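Peer 1: My questions all concern the structure below.
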Amino acid sequence: MAGRKKITLPDLQKKMMDGVPITMITCYDYSMAHLVEQAEVDIVLVGDSLGMTMLGYDGTLPVTMDDMMRHTAAVRRGSPTSWLVGDMPYMSYQPSDETAVRNAGRFMAETGCDCVKLEGGRQMASRIRAISEAGIPVMGHLGLTPQSVSALGGFRVQGKGSDQALRIIEDAQILEEAGAFSILFEMIPDEVQKIITERAKIPIISLGSGPHAHGQLLIFHDMFGLYPRFKPKMAKVFGNAGEVILNGLKQYVAEVTSKQFPQPDNWFGIKEDQLAELKKRLDEGGSGD
Ligand code: KIV
């Protein structure tokens, strides 16, 4: 919306303190971001899930820093006032604190995002500390962390057993102490999310982890029927844009084939005198030089 002021970190903290739910969406390009901006979504994540939704890979591991930079900068142009999160792709932060700070810095300097997000628990605490000490806000990501999907045994709910749930709760505490300004939880049980939210002093965001967090995240393509391979249980379809677009495409094919399209509204003409002159010059064998 034209009049909205830029969302800042204190705005998000205030929403948490006031018990006002925070809205967050994953989206990937200028046109989508323009719509998200008009809807006044608080946080926009340019997720490395773009590897699947935009690039057609089976997972997120092939996504590069260059992929992320281009899409994040495009989303910033479409959504100038949201709190914009750049998602650090596979191996852009895992190797060392120094690599993590360098790549987080590239995100901030070259895309105009407001913060970065990275996946992982206690083993990533020093990365979070290093990035936040460099003055860059960092969001943690716990529960199902798609970059570790092989080690986790697939895309499945995390923390169903008490051992794993306890570890996630401890990880949340460790990431908060390391300097994370917020943590996103993907696919953990609602009661575990509740315990974490009650203990946290930073905004907690849920993706498929129930209603007790300070905010909710969904992926744009899941919300609008745009991802062809599957619809995750945690997603709700708010409008089937995929179906609308497919019907439009079928109609386009039918209209071109039956010569109903294009109509005069859809093309450009030339003035009669110019056309006559053109034909005359062609007849005379003239050139355009
Ligand atoms: O890449 C992404 O969209 C994400 C969400 C699944 C949390 O990281």
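The values are calculated or read from the model by the stated rules, or taken from the named source; none is laboratory data. As the structure is a computational prediction, the values presented were derived from the model and not from experiment. Backbone-built Cβ (ideal geometry, glycine too); neighbour counts: all protein chains shown. Accessible surface areas use protein heavy atoms only, side chains included; no ligands, DNA or RNA. Shrake-Rupley method; radii C 1.70, N 1.55, O 1.52, S 1.80 Å.
Peer 1: The conditions are (1) in contact with a helix residue (DSSP H, G or I) (Cβ under 6 Å, 6 or more places away or on another chain); (2) assigned to a helix (DSSP H, G or I); (3) away from the ligand (no atom under 12 Å from the Cβ), and residue 92 fails exactly one of them. Which is it?
Peer 2: (2)
Peer 1: Which one of these is of a type outside the set (Val, Ile, Thr), open to solvent by 10 Å² or more (accessible area, probe 1.4 Å), under 21 Å from the mean Cα position of the chain (by Cα) and on the phi > 0 side of the Ramachandran plot: 143, 135, 153, 105?
Peer 2: Values: 135 fails: under 21 Å from the mean Cα position of the chain (by Cα); 153 fails: under 21 Å from the mean Cα position of the chain (by Cα); 105 fails: on the phi > 0 side of the Ramachandran plot.
143 is the lone residue from the list that is of a type outside the set (Val, Ile, Thr), open to solvent by 10 Å² or more (accessible area, probe 1.4 Å), under 21 Å from the mean Cα position of the chain (by Cα) and on the phi > 0 side of the Ramachandran plot.
Peer 1: Output the number of the condition that residue 152 fails; it satisfies all remaining conditions of (1) modelled with pLDDT of 95 or more; (2) within 14 Å of the ligand (Cβ to nearest atom); (3) over 29 Å from residue 14 (Cβ atoms).
Peer 2: (1)
Peer 1: Please state which one of 224, 185, 220, 155 is in contact with a Cys (Cβ under 7 Å, 6 or more places away or on another chain), in the same structural domain as residue 93 (by TED's automatic domain parsing) and under 29 Å from residue 241 (Cβ atoms).
Peer 2: Numbers: 224 fails: in contact with a Cys (Cβ under 7 Å, 6 or more places away or on another chain); 185 fails: in contact with a Cys (Cβ under 7 Å, 6 or more places away or on another chain); 155 fails: in contact with a Cys (Cβ under 7 Å, 6 or more places away or on another chain).
One residue alone meets the criteria, 220.
Every residue, every condition in (1) in contact (Cβ under 8 Å) with a residue 24 or more places away in the chain; (2) over 16 Å from residue 25 (Cα atoms); (3) of a type outside the set (Phe, Trp, Tyr), yes or no:
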| position | (1), (2), (3) |
| --- | --- |
| 219 | yes, no, yes |
| 228 | no, yes, yes |
| 240 | no, yes, yes |
| 261 | no, yes, no |
| 271 | no, yes, yes |
| 278 | no, yes, yes |
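Peer 1: Looking only at the stretch 162-200, filter to residues that are assigned to a loop (DSSP other than H, G, I, E, B) and in contact with a strand residue (DSSP E or B) (Cβ under 6 Å, 6 or more places away or on another chain); which one of those is most open to solvent (accessible area, probe 1.4 Å)?
Peer 2: Within the stretch 162-200, the first condition is being assigned to a loop (DSSP other than H, G, I, E, B), and the residues that meet it are 179-181, 187-189, 200.
Filter again for in contact with a strand residue (DSSP E or B) (Cβ under 6 Å, 6 or more places away or on another chain), leaving 180, 187-188.
Values: 180: 5, 187: 38, 188: 5 Å².
The qualifying residue most open to solvent (accessible area, probe 1.4 Å) is 187.
Peer 1: If the Cβ limit is 7 Å and pairs must be 6+ apart or interchain, which residue in the stretch 121-142 that is closer than 27 Å to residue 209 by Cα pairs with which residue that is among the polar types (S, T, N, Q) and open to solvent by less than 40 Å² (accessible area, probe 1.4 Å)?
Peer 2: 138/132; 139/182
Peer 1: Exactly one condition in (1) open to solvent by less than 20 Å² (accessible area, probe 1.4 Å); (2) assigned to a helix (DSSP H, G or I); (3) within 16 Å of the ligand (Cβ to nearest atom); (4) among the hydroxyl-bearing types (Ser, Thr, Tyr) is not met by residue 206; state its number.
Peer 2: Of (1) open to solvent by less than 20 Å² (accessible area, probe 1.4 Å); (2) assigned to a helix (DSSP H, G or I); (3) within 16 Å of the ligand (Cβ to nearest atom); (4) among the hydroxyl-bearing types (Ser, Thr, Tyr), only one is false for residue 206: (2).
Peer 1: Looking at (1) open to solvent by 10 Å² or more (accessible area, probe 1.4 Å); (2) within 13 Å of the ligand (Cβ to nearest atom), find the lone condition where residue 24 falls short.
Peer 2: Failing condition for residue 24: (1).
Peer 1: Does residue 55 fit the bill of being within 16 Å of the ligand (Cβ to nearest atom), open to solvent by 10 Å² or more (accessible area, probe 1.4 Å) and closer than 26 Å to residue 237 by Cβ? Lay out the reasoning, then the answer.
Peer 2: Details: within 16 Å of the ligand (Cβ to nearest atom): yes; open to solvent by 10 Å² or more (accessible area, probe 1.4 Å): yes; closer than 26 Å to residue 237 by Cβ: yes.
Considered against the rule, which asks whether it is within 16 Å of the ligand (Cβ to nearest atom), open to solvent by 10 Å² or more (accessible area, probe 1.4 Å) and closer than 26 Å to residue 237 by Cβ, residue 55 comes out as yes.
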